[in-house]
Amino acid sequence: MMQQKPIILNKKDYVVIQQAVSTEVCDLLADYANFKAAIKPNIKKDGLKNVHREYGDPLMELLLGKLTPLIEEATGLALWPTLAFYYTYKNGNELTKHKDRSSCQIVAGLCIGADEAFKKEHGTWPLILDVEGKSESIALGYGDILVFKGHETVHWREVFKGAWFVSAIFAYVDKNGPFAFQKFDQRQSLGKPHVGMFHWLYGSFKGLLKQRFYNKRKKAAYDEIGHL
Ligand SMILES: [Fe+2]
C-alpha cells in the first residue's frame, strides 16, 4: 500500500502524513471512484450538492481498517475506526463550511487524484481548516493524508476549477474518549450499511448519557476515596 515509509509532520492543530498511500493504489482508487460515480451516481441536495459520494464502500472501509495503526501512530491515541466516505468532485463543486458528526472525532483525509490538466495548472486542491479563528489552507500531495479533529474544527474547500478530483475520509474515535461508543459508526462491523439517522441519533444520545453517568460515578468514587 505504501511505496516508502510515510513521513509524519506534527503541526499544532493537525498532522500531515506524506506518502501514506502509494501512487499505484491512489491511481486505482481514483479510477474506481470515477467508475462508480459514472455507473451509479449518488448525489444529494445538501452541503455537498452535485458531488458523488459513498458511505461505507467495502474497498474504502478495508483501507480504513488498514490505516488504523498509522493514524494511531500519528495521533498517539488508541483508536476505533468508525467510517469511510469517498467523494468524486467535478468542476464547480465546493465543500461548504461545516463540522463533522461525533463519529468523525479524528478525520484522516486522503488526497487521491485529479485530472492531469488540473494537476499541471493548480497542483492540488487544498482543504481549509479554521484554526483558532484563522483560515489555514492545507495543500496535500496525492497519497498524503491530513489528520484533524473533524468534530471540533470547521473545514471547507473553495470552488473546484478542474475536471475531477477524488478524495476520501477515514474517520476514527479515541477508544478512551467521550465518543468511543461510535465504534464502527454504531454498525456491527465495518463495511455494513449505515444504521439510519434515527438509530444513529438515538445511539448517540444513549452513548453520551451513559458516558455522563459513568463520569459522575467515577467522580463520586474519587470524592469518597478522597475523604478517607
Ligand atoms: Fe467534513
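Only the coordinates and a few stated rules stand behind these numbers; no lab work does. Note that the structure is a prediction, hence the values are computed from the model and not measured. Cβ sites come from the backbone with ideal geometry, for glycine too, and all protein chains shown count toward neighbours.
Could you work out the local net charge near A168, counting Lys and Arg as +1, Asp and Glu as -1, over the other residues with Cβ closer than 11 Å to its Cβ?
Residues near A168 contribute -2 overall.
Within the chain, which complete DSSP H helices have Cα atoms spanning at least 20 Å along the helix axis and a mean Kyte-Doolittle hydropathy of 0.5 or higher? Each step should come with its number before you reach the end.
Numbers: long enough: 23-39 (24 Å, 0.52); 58-75 (25 Å, 0.64); 197-227 (45 Å, -0.84).
The qualifying helices are 23-39, 58-75.
Which aspartates and glutamates, if any, have their Cα less than 20 Å from the Cα of K134, not counting same-chain residues under 8 positions apart?
Within reach: D13, E94, D100, E152, E158.
Go through K192/K216; K44/K210; K97/K149; K49/K161; K45/K99 and tell me which ones have a Cα-Cα distance over 23 Å in this structure.
Details: K192/K216 34 Å; K44/K210 34 Å; K97/K149 14 Å; K49/K161 16 Å; K45/K99 18 Å.
Beyond 23 Å between Cα atoms: K192/K216; K44/K210.
Distance between the C-alpha centers of segment 176-212 and segment 50-129? Whole Å please.
20
Would you work out the relative contact order for the chain, in percent, from Cα pairs under 8 angstrom that are 6 or more residues apart?
Working: 442 pairs, mean separation 56.5, N = 228.
With pairs under 8 Å counted, the relative contact order is 25 percent.
If you add up the charges near I8, with Lys and Arg at +1 and Asp and Glu at -1, over every other residue whose beta carbon is less than 13 angstrom from its beta carbon, what do you get?
Here the charged neighbours net out to -1.
In terms of the ratio Rg/(2.2 N^0.38 Å) built on C-alpha atoms, what value belongs to segment 7-193?
Working: Rg = 15.4 Å, N = 187, 2.2 N^0.38 = 16.1 Å.
So the Cα radius of gyration is 0.96 times the expected 2.2 N^0.38 Å.
Taking R0 as 25 Å, what FRET efficiency do you get between H122 and I43 from their Cβ-Cβ distance, rounded to the nearest 0.05? Walk me through the numbers before you get to the answer.
Values: r = 24 Å, r/R0 = 0.96.
Taking R0 as 25 Å, the efficiency between H122 and I43 is 0.55.
Mind checking which of Q19, G162, F213 is farthest towards the positive end of the chain's charge dipole, using Cβ charges of +1 (Lys, Arg) and -1 (Asp, Glu) about the Cα centre?
F213
Take peptides 195-204, 30-39 and line them up by average Cβ neighbours within 10 Å, highest first, as a rough protection proxy.
Result, highest mean Cβ count within 10 Å first: 30-39, 195-204.
Test of the criteria: in segment 104-211, which trypsin sites (Lys or Arg not before Pro) are in a DSSP loop and have at most 11 other Cβ atoms within 10 angstrom of their Cβ?
Of the trypsin sites (Lys or Arg not before Pro), not one in the loops of segment 104-211 has a Cβ with at most 11 other Cβ atoms within 10 Å.
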